1. Ratio of alpha-carbon Rg to the 2.2 N^0.38 Å globular estimate for the stretch 129-190, to two decimals, please.
2. Could you give the nm distance between label points at residue 77 and residue 246, where each point is 7 Å from its Cα heading toward the beta carbon?
3. First select every other residue whose beta carbon is under 10 angstrom from the beta carbon of residue 420; then total the charges, Lys and Arg +1, Asp and Glu -1.
4. Please state, to two decimals, what the Cα-based radius of gyration of the chain comes to when divided by 2.2 N^0.38 Å (N = residues).
5. Distance between the C-alpha centers of the stretch 307-358 and the stretch 42-116? Whole Å please.
6. Could you check which residue among 329, 261, 208 shows the biggest mean-square fluctuation in a GNM of the chain with a 10 Å Cα cutoff?
7. Give me the orientation-averaged projected area of the Cα convex hull of the stretch 94-141, in nm², one decimal.
8. Quote the charge dipole size of the chain about the Cα centre in Debye, to the nearest 20; the model charges only the Cβ of Lys and Arg (+1) and of Asp and Glu (-1).
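Read the figures in this text as sums done on the coordinates, not as results from a lab. Since this is a predicted model, take the numbers as computed values, not measurements. For neighbour counting, all protein chains shown are included, and Cβ atoms are generated from backbone atoms with ideal geometry for every residue, glycine included.
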Amino acid sequence: MSASRHPALLSTDPELASFVAAEEVLQAQTLRLIPSENYVSAAVLEASGTVLQNKYSEGYPGRRYYEGQQNIDRVEALAIERAKGLFGVDHANVQPYSGSPANLAVYLAFAKPGDTVMGMALPMGGHLTHGWGVSATGSWFRGVQYGVRADTGLIDYDAVRDLALAERPKLIFCGGTALPRTIDFAAFAEIAREAGSILVADVAHIAGLIAGGAHPSPVDHVDVVSTTTHKTLRGPRGAMLMCREEHAKAIDKAVFPGLQGGPHNQTTAGIAVALHEAAQPSFTAYAHQVVANAKALAAALLQKGFDLVSGGTDNHLILIDLTGKDVPGKIAAKALDRAGIVVNYNTVPFDPRKPFDPSGVRIGTPSLTSRGLSTEHMPLVADWISRAVDAAAKGDEQALAAIRAEVTDLMAAFPAPGLPLS
Ligand code: DSN
């Protein structure tokens, strides 16, 4: 593989071009299991690297503060229409720079500093921006947090209801970053109604599954849907906020001028393309295959003796609890990386260890499914993970190198979308 598909970059800045080329090789040769990552299509990559980059467009289509928006307006309007069609919403804002700014805009739209907000605790599978202490959302607002049951690893909806009624938060966030099970949006909606709270579904992880019909949609149940566009949705790094018409003005005003300046138009274009791709029947098949692969991988890992939070998965994500093994999450994750299997270490609910050195490893199937791997490959993937974790415990670098060679071999047969070679 060479950097020649970026000839101008190669000639202007060969050092940087070599980093990009090396990343292309890495992404092609490794088994990427981080559940929040994916491979965008060549079309999304192209749209994200266009001259739309050169334009300032503060405002919204038809209401800008800069001239020369003839084409940009059409790009953004198309992205908005596609988001509305795909998710069945009244209103979509496609300008948030990423998930955290999107969520911050929701706070700005509906809450005042000091108000109580409620979300899932980060170590239980929530997100920093759901009111966790080290985030601005947990220091400018008063965050109260719910979690999962210790015996099942599942969200305790009775405890969520009790907390919501005791605290009457302005906002309730549902969704998270390490939730392997289906979210009951209807149950959250009932709780939010009783508590008089605005309900926000952060579906960043599962947006592609929702678009493809492989996870129930929150749209009929919640006030606002927040999502990134680059996880299961397989678009560029960005975000969207979607809502009913009654909240449209508040959301738009919070994103711009409340929080952001000019939108990243090249990203908006990439989002538009990704939404078009996600509306195709092939994407529906993809979303269901992501889940089928995750279930097959979970079953194979259980057979290998791994402990999985909640006992398995309903979606794209599996949280492996290594507390029963000799290897903590970070050491396992780094060993897996040396074996060509890219994961992230992660806290597990009630983790006795610290977040920077936790007991879990988080994996998922969006990327491997984009490359065409299917359920028949999952026992092999589980075997590699098992062998790598054993090798980590023994410090057996040779075993890790042997797994890496097997991984590289298999991945060569499954070209990655958007990459020149596999
Ligand atoms: N960083 C994302 C993830 O990996 O889940 C969440 O923001």
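1. Against the empirical 2.2 N^0.38 Å value, I get 1.13 for the stretch 129-190.
2. About 2.9 nm, to one decimal.
3. Local charge sum for residue 420: 0.
4. So the chain has a normalised radius of gyration of 0.98.
5. That distance is 35 Å.
6. Of the options given, 261 has the highest mean-square fluctuation.
7. Mean shadow area of the hull around the Cα atoms is 3.4 nm².
8. 340
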